[in-house]
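Written out below as structure tokens is the structure these notes cover.
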Amino acid sequence: MIKPVIVQNHPWVIVKTVVITQSHTVARFANRQDADDHLRFLRRTIPNGGFEIMFEPPDDVREEKRSLN
């Protein structure tokens, strides 16, 4: 199965929390440093935005973990 490049190679995600149980993906990055830099920019321009960085592992890693349990 061919997976989209975005999900496979960009596991660092900046999300905006809307409600405690809901969030929206704002951007994806290949490495943590780029995500940190962009988060710093977002927090300067939108101080009360509620942005956070998350690590979202590729689907194949999640599937392997489920099969081990």
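Could you list all residues from the stretch 48-62 that are open to solvent by 100 Å² or more (accessible area, probe 1.4 Å) and more than 15 Å from residue 10 (Cα to Cα)? Walk me through how you get there before you give the answer.
Narrowing the stretch 48-62 to residues open to solvent by 100 Å² or more (accessible area, probe 1.4 Å): 48, 55.
Of everything in the stretch 48-62, just one residue is open to solvent by 100 Å² or more (accessible area, probe 1.4 Å) and more than 15 Å from residue 10 (Cα to Cα), namely 48.
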- Item | Count of the stretch 19-41 residues which are open to solvent by 100 Å² or more (accessible area, probe 1.4 Å) and closer than 17 Å to residue 57 by Cβ | 1
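The values are calculated or read from the model by the stated rules, or taken from the named source; none is laboratory data. Quick caveat: nothing in here was measured; it's all calculated off a predicted structure. Virtual Cβ from ideal backbone geometry, glycine too; neighbours counted across all protein chains shown. Just the protein is used for accessible areas: all its heavy atoms, side chains included, with ligands, DNA and RNA removed. Shrake-Rupley method; radii C 1.70, N 1.55, O 1.52, S 1.80 Å.
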